[in-house]
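Step one of this worksheet: look at the structure below.
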Amino acid sequence: MVDMVDLIEDIQNILLAWFRDHGRHNIPWKLKRDGSIPKSGESLSPYEIWIAEVMLQQTQLKVVIPYWKKWMKKFPSLSDLAVADEQNVLLIWQGLGYYSRAKRIHESSKLLIDFVGNKCSQDPISWPNELDQWMLLPGIGRSTAGSIISSAFDLPTPILDGNVKRVLSRLIANEKTSGKDEKRLWGLSSLLLLTVSPRDINQALMDFGSQVCTPKKPRCSSCPLQNFCIAYIKYDPVNFPKKDMKQSNPVEKIGLGLVFNKSGELLIDQRLESSSMGGMWEFPGGKKNSNESIEDTIEREIKEELGICVKAVEKLLCFDHSYSHKKLSFTVYICQLISGVPKPLTSQKLLWVSPEKLCDFPFPAANTKIISALNKHLGI
Ligand code: SF4
């Protein structure tokens, strides 16, 4: 670590030179309104950067960009977001996953509007620019706060997202990823910011991690930092940072039913606010027990969830969907309503909607596959 401090300036210069030639200079929220690159010390829109940084949590840049553009069209300012209906916020987020992020952004917009004020929400100077202030917002940790502040105000706040953690862990051959070892990484990340442009150094580190010092096949033979990299000189870089033993994700079988009424409308229910993906809409159904057929699962779950008797009559599709901690295997049936009036026994609301109107409701990503298959089936 002591040797590393002496080498900080060389590493900074190499990273900045690499960034100039190979960095991602077209990320929309890192540019000024006229599309030009901001000068050192110049501020950018904290609102646009904040939304982007939350979207980037657990999601890749190329996936985020179209969502961010759609968001900015719908909610161009903090004031627009603060008065928006939560269902519209979820609708824009639909497909991006980890929906609690959208709800937290919406909740935070009301806190921020109190801080910034309606009139000044377009002026970066009115926005918070300290770590503690940003970390008061739900879902904002130190690295996200650091990234927002350095990107928006070009201030020296360190970051330690997955890419940066990997690059720094390899440079100092830091084996572990937690506790005391993580402190060393934060220390190094801070030291690297002692430069003219913290915004550029942070972006350089992130881009370098995603393009050169990649998780499985780092491009060490052409890496400009190889003479400084202890993992490369002494060990196999791929082993850094050391990963925890990963448990394999269990696969759960899920049966879902598309229940139609005589008018051709379809039954959807809205998840409880307190549940994961709360506020999103879905098709009724649930987890298969080991001793039942998938048709029995669907009929039983719908009885428990809605208090009605249905018959699973036609299989529409089967597909798998992976989450960070588990994998779900879905089987979807078109169901016939036999008896009963549906009630929201385990959800907050039920609706009969025509299939053409399903796109007006926010559904989790797995359900959107069902809507596509249904539209094909119905010739919509
Ligand atoms: S030499 Fe390899 S491991 Fe080290 S920083 Fe470069 S790409 Fe990463």
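Laboratory data are not the source of any read-out in this text; all were calculated from the coordinates shown. The structure displayed is predicted, hence computed values, not measured ones. Here the Cβ positions follow ideal geometry from the backbone for every residue, glycine too, while neighbour counts run over all protein chains shown.
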On a 0 to 90 degree scale, rounded to 10, what angle separates helix 2-22 from the longest Cα axis of the chain? 60 degrees
Would you mind getting the Kirkwood hydrodynamic radius of the chain from its Cα pairs, rounded to one decimal in Å? 23.4 Å
Rounded to the nearest 20 Debye, what is the dipole magnitude of the range 2-239 about its Cα centre when Lys and Arg each give +1 and Asp and Glu each give -1 at the C-beta? 740 debye
Take the alpha-carbon centre of the range 323-354, take the same for the range 132-207, and report the distance between them in whole Å. 43 Å
Residue span K216 to A373: 0.36 nm per residue of separation minus Cα-Cα distance leaves a gain in nm of 53.0 nm
Tilt relative to the chain, helix 100-116 - C-alpha long axis, 0 to 90 degrees, to 10: 60 degrees
If the chain between F319 and E86 were fully stretched, how many nm would it gain, using 0.36 nm times the residue separation less the Cα-Cα distance? 81.0 nm
Pair-distance profile P(r), taking every C-alpha pair of the range 215-351, with 5 angstrom steps and integer %: 2, 9, 15, 16, 13, 9, 5, 5, 5, 6, 6, 5, 3, 1, 0
Could you work out how much longer the chain between M135 and S293 gets when fully extended? Use 0.36 nm per residue separation minus the Cα distance between them, nm to one decimal. 52.1 nm
